[in-house]
Amino acid sequence: MNQFYGIGNLVRDPEVRTTNAGIKVCNFTIAINRRMKNNGEQQTDFLNIVAWRQLAELCEKYLSKGKKVAVIGSIQVRNYEDKNGVKR
C-alpha cells in the first residue's frame, strides 16, 4: 500500500501548465516540519507535489505561497540524468 498523508505550508505559488493533449498539470512544493526524537530539534522536509486535471485547476484557484495545505496521495520516486550524465 502506497498512501501518503501530509500537512505543510506552500513554499511558493503553484505553477500550472497544460500538456499537448490539453490536460492541466499543477506543480507545487510543501514544507513539512517534524521533530527529531533524540534532541527535539526540528527538521523540515520539502516535498514536490503534482496534481492533474480538475484538481490542478482547484489548486491554481485556491492555493498561494504560505498557505497551509493537507495532501493525500501516493509517493513516486523518479530518477533522471543531469546535463553531465550523472544519475540523480
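The values are calculated or read from the model by the stated rules, or taken from the named source; none is laboratory data. Because the structure is predicted, anything quoted here is derived from the model rather than measured. Because the Cβ atoms are built from the backbone with ideal geometry, glycine has one as well, and the counts that use them run over all protein chains shown. When the accessible area is computed, the model is the full protein with side chains, heavy atoms only, and any ligands, DNA or RNA have been set aside. Shrake-Rupley method; radii C 1.70, N 1.55, O 1.52, S 1.80 Å.
Can you give me the % of accessible surface on the chain that is carbon or sulfur? Probe 1.4 Å, all protein chains present, nothing else counted.
Numbers: 3490 of 7340 Å².
Looking at the chain in its full context, I get 48 percent from C and S.
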Helix axis angle, 53-62 relative to the chain longest principal axis, alpha carbon, degrees: 60 degrees
For the chain: Kirkwood Rh in Å [reciprocal of mean 1/r, alpha carbons]: 14.8 Å
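Going highest first, how would you order 79-86, 43-50, 58-65 by mean Cβ packing within 10 Å? Before the final figure, lay out each step's value.
Working: 79-86: 6.8, 43-50: 12.4, 58-65: 14.1.
Result, highest mean first: 58-65, 43-50, 79-86.
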Listed residues 53, 35, 12, most fluctuating in the chain (Gaussian network, C-alpha, under 10 Å): 35
Of 73, 40, 22, the one that fluctuates the most in a GNM where the chain has Cα springs shorter than 10 Å: 40
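By how many nm would the segment from residue 42 to residue 67 grow when fully extended, if each residue of separation counts as 0.36 nm and the alpha-carbon distance is taken off? Spell out each step's value before the answer.
Values: separation 25, 0.36 × 25 = 9.00 nm, distance 1.98 nm.
Gain on extension, residue 42 to residue 67, equals 7.0 nm.
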